[in-house]
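Visitor: Below is one structure. I have some questions about it.
The values are calculated or read from the model by the stated rules, or taken from the named source; none is laboratory data. Not measured: the values here are computed from a predicted model. Heads up, the Cβs are rebuilt from the backbone with ideal geometry, glycines too, and the neighbour counts pull from every protein chain shown.
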Amino acid sequence: MRFLANTKKSKLKIIPLGGLEAIGMNITAFEYEDSIIVVDCGLAFPEDDMYGIDLCIPDITYLKDNIDRVKGFFITHGHEDHIGALPYVLREINVPIYATKLTIGIIDHKLGEHNMLNKVKRKVVKYGQHINLGCFRVEFIKTNHSIQDAAALAIYSPAGTVVHTGDFKVDYTPVYGDAIDLQRFGEIGKKGVLALMCDSTNAERPGFTMTERKVGKTFESIFSDHTHQRIIVATFASNVDRVQQIINTAYKFGRKVVVEGRSMVNIISIASELGYLNIPDNTLIEVDQLKNYPDEKTVLITTGSQGEPLAALSRMANGIHRKVKIQPNDLIVFSSNPIPGNEKAVSKIINDLYRQSADVIFQDTHVSGHACQEEIKLIYSLLHPKYAIPVHGEFKHRKAQAGVAAELGMDKEHILMISSGDVLEIDENGAEVVGKVPAGSVFVDGLGVGDVGNIVMRDRQHLAEDGIIIVVLTLQAGSGQLLAGPDIVSRGFVYVRGSESLMDEAQKLLNEHVTGLTDRGITDWGKIKTEIKDSLGEFVWKKTKRRPMIIPIIMEV
């Protein structure tokens with residue numbers, strides 16, 4: 001009888017580094033023994049109270065600490081919340097990127113902007129192709145989404161197979177290309193799936209997500225009902241199928257098309273070059289040529305559907321766009337739904353457009369790119385996973401998917417609600433969170449990456465809420481005698497010209513307090529600053545119930 005002493009398999013570790021508390025910043029590490037692969041590398045946009053922050057990218061401390069074991073990035077599709085952090089992360093972890101053709105095209109443009117194109121290895125992967133890296137084999141599976149070339153990933157490891165859906169929906173009649181490869185999902189399911197990591201964005205919504213073609217029919221109705229108006233359509237730059245349908249409809253009704261907005265121009269040029277967008281000859285014109293055509297014979301496709309302050313539509317609505325002015329006869333179509341958190345910004349743009357006597361349509365001109373409950377059930381039914389790990393969404397979205405999995409009869413102990421930073425060890429015999437790694441947001445502010453942390457952010461919030469008071473005084477070297485000041489300068493606290501009596505009282509209090517300190521022979525700068533902060537802070541709170549930041553500045557001559 002032969003004993004197999006050291007054949008016990010290791011467990012697979014699944015480590016989400018972002019994407020499980022919000023919609024955005026998706027990135028997950030898969031680790032088996034000496035191999036780590038990473039799925040997606042996205043960014044998130046800053047919250048309202050993140051003053052001055054441009055972008056949020058994931059904390060990759062764990063990957064940097066284990067850089068020798070990181071084999072590559074596998075990207076599911078070309079949206080910013082899945083690829084946006086790559087230029088920043090690749091500076092620290094330069095490993096190959098694997099993705100489908102359009103996704104690589106968009107990544108190439110992004111890397112080109114950061115002068116990194118020649119430094120990073122990229123490989124275009126076809127559906128059905130398998131990539132072997134370390135202990136892993138990864139297969140790309142065709143799915144549908146609001147951007148073409150989206151893929152699910154079957155991740156094969158010695159501990160079992162994990163399927164990551166990426167962002168997906170089931171569209172049997174896509175505008176471009178084939179429908180989702182449900183047959184392949186079924187084949188993988190028959191061989192056995194350890195865990196399913198499924199998109200949760202629309203898990204609260206019953207039924208099915210509508211096909212993208214439905215929007216095309218809506219556009220035909222809009223164009224036929226508004227033949228005497230210029231039409232401006234705001235949509236996501238990355239929704240190439242939507243752009244294709246707008247162009248098709250414009251061509252059918254004999255209208256010229258202008259593309260406005262930097263990201264829109266970039267995506268359309270990339271998609272056209274790679275053959276994902278078919279633009280009829282003599283349809284596109286430059287924005288400068290608008291004046292050569294009657295308004296009713298033109299269409300503008302623009303960015304700004306989310307109310308972004310610097311996007312093209314926002315500048316038009318505010319009257320600061322250099323080349324396009326909103327006119328009373330214009331029709332503006334919002335072909336998108338506000339992303340959670342953007343509702344106020346979108347509402348403001350709509351109000352601004354109405355004030356300029358434009359017509360606005362913002363209903364029934366969008367379908368989601370994410371699966372609703374019945375499509376999620378279909379994927380579960382095809383794959384029969386042993387474990388469910390809901391991903392991509394706020395906690396409530398993932399909880400809704402957990403409910404769908406339970407409804408299908410899955411053991412509740414096998415539905416794993418993990419958090420970013422959790423280290424989940426999993427195999428056929430069990431699954432448990434065994435540790436925690438650093439995870440969270442790293443702030444990008446201008447050229448600085450990570451140099452703005454919690455302390456700086458707290459100071460910015462403090463300044464924004466209560467303002468600042470600066471107290472300046474001059475002391476004589478050696479004796480510590482007060483030579484000048486204390487003088488008060490304030491910003492963002494009160495309007496000084498309207499609050500003379502308050503500032504005069506503060507000035508009088510400081511004069512007495514600082515004179516008292518010098519009379520007592522106190523020359524320690526730290527002590528003087530603390531006394532100024534305490535006395536002035538207490539006075540201001542009593543008078544105004546505000547706590548401005550107080551900064552004493554002492555000069556010595």
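Visitor: With a cut-off of at least 1 residues that are among the β-branched types (V, I, T), name the helices (runs of 4 or more DSSP H) lying wholly within the range 257-357.
Guide: 262-273, 343-355
Conditions (1) closer than 22 Å to R69 by Cα; (2) in contact with a Leu (Cβ under 9 Å, 6 or more places away or on another chain); (3) of a type outside the set (A, V, I, L, M), marked per residue:
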site	(1), (2), (3)
I93	yes, yes, no
K101	no, yes, yes
I107	no, yes, no
Q129	no, no, yes
R137	yes, no, yes
V170	no, yes, no
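Visitor: Further question: Filter the range 284-331 for residues that are of a type in the set (S, T, Y) and in contact with a Ser or Thr (Cβ under 7 Å, 6 or more places away or on another chain); which is surrounded by the fewest Cβ atoms within 10 Å (Cβ to Cβ)?
Guide: T303
Visitor: Within the range 90-108, is even one residue modelled with pLDDT of 90 or more, in contact with a helix residue (DSSP H, G or I) (Cβ under 9 Å, 6 or more places away or on another chain), crowded, with 20+ Cβ neighbours inside 10 Å and closer than 18 Å to I15 by Cα?
Guide: Checking the range 90-108: not a single residue is modelled with pLDDT of 90 or more, in contact with a helix residue (DSSP H, G or I) (Cβ under 9 Å, 6 or more places away or on another chain), crowded, with 20+ Cβ neighbours inside 10 Å and closer than 18 Å to I15 by Cα.
Visitor: Taking A152, is it assigned by TED's automatic domain parsing to the domain that holds I141, out of contact with any helix residue (DSSP H, G or I) (no Cβ under 7 Å at 6 or more places or on another chain) and surrounded by 24 or more Cβ atoms within 10 Å (Cβ to Cβ)?
Guide: yes
Visitor: State yes or no: is N144 over 20 Å from Y276 (Cβ atoms) and either crowded, with 21+ Cβ neighbours inside 10 Å or in the same structural domain as E425 (by TED's automatic domain parsing) (or both)?
Guide: Answer is no for this residue.
Visitor: Can you find a residue in the range 158-180 that is in contact (Cβ under 8 Å) with a residue 40 or more places away in the chain, surrounded by fewer than 23 Cβ atoms within 10 Å (Cβ to Cβ) and aromatic (F, W, Y)?
Guide: Checked against the condition, which is being in contact (Cβ under 8 Å) with a residue 40 or more places away in the chain, surrounded by fewer than 23 Cβ atoms within 10 Å (Cβ to Cβ) and aromatic (F, W, Y), the range 158-180 yields at least one hit.
Visitor: In addition: Return yes when F185 is hydrophobic (A, V, I, L, M, F, W, C), at pLDDT 95 or above and over 23 Å from I15 (Cα atoms) and no when it is not.
Guide: When the stated conditions are applied, F185 passes them.
Visitor: Hey, can you tell me all the residues within the range 540-557 that are farther than 19 Å from D459 by Cα and either of a type outside the set (S, T, N, Q) or free of Cβ contacts under 8 Å to residues at least 24 places away in the same chain (or both)?
Guide: K542, K543, I554, M555, E556, V557 - these are the residues of the range 540-557 that are farther than 19 Å from D459 by Cα and either of a type outside the set (S, T, N, Q) or free of Cβ contacts under 8 Å to residues at least 24 places away in the same chain (or both).
Visitor: Scan the range 426-444 for residues that are in contact (Cβ under 8 Å) with a residue 40 or more places away in the chain and among the charged types (D, E, K, R) and report the count.
Guide: Result for the range 426-444: 2.
Visitor: Just to verify a result, which residue in the range 408-425, among those that are assigned to a helix (DSSP H, G or I) and without any contact (Cβ under 8 Å) to a residue 12 or more places away in the chain, is nearest to L382 (Cα to Cα)?
Guide: Filtering the range 408-425 for residues that are assigned to a helix (DSSP H, G or I) and without any contact (Cβ under 8 Å) to a residue 12 or more places away in the chain, the one nearest to L382 (Cα to Cα) comes out as K412.
Visitor: Tell me, please, whether a residue that is at pLDDT 95 or above, assigned to a strand (DSSP E or B) and among the β-branched types (V, I, T) can be found in the range 2-21.
Guide: The answer is yes; a qualifying residue exists.
Visitor: Criterion first (assigned to a helix (DSSP H, G or I) and in contact with a Lys or Arg (Cβ under 8 Å, 6 or more places away or on another chain)) does E220 satisfy it?
Guide: Here the answer is yes, as E220 does meet what is asked.
Visitor: Test of understanding: among G498, G537, G526, which residue is closer than 30 Å to Q461 by Cβ, exposed (fewer than 13 other Cβ atoms within 10 Å of the Cβ), within 45 Å of the chain's Cα centre (by Cα) and modelled with pLDDT of 75 or more?
Guide: Being closer than 30 Å to Q461 by Cβ, exposed (fewer than 13 other Cβ atoms within 10 Å of the Cβ), within 45 Å of the chain's Cα centre (by Cα) and modelled with pLDDT of 75 or more holds for just one of G498, G537, G526, which is G526.
Visitor: How many residues does the range 50-77 contain that are crowded, with 19+ Cβ neighbours inside 10 Å, part of a loop (DSSP other than H, G, I, E, B) and at pLDDT 95 or above?
Guide: Qualifying residue count for the region: 3.
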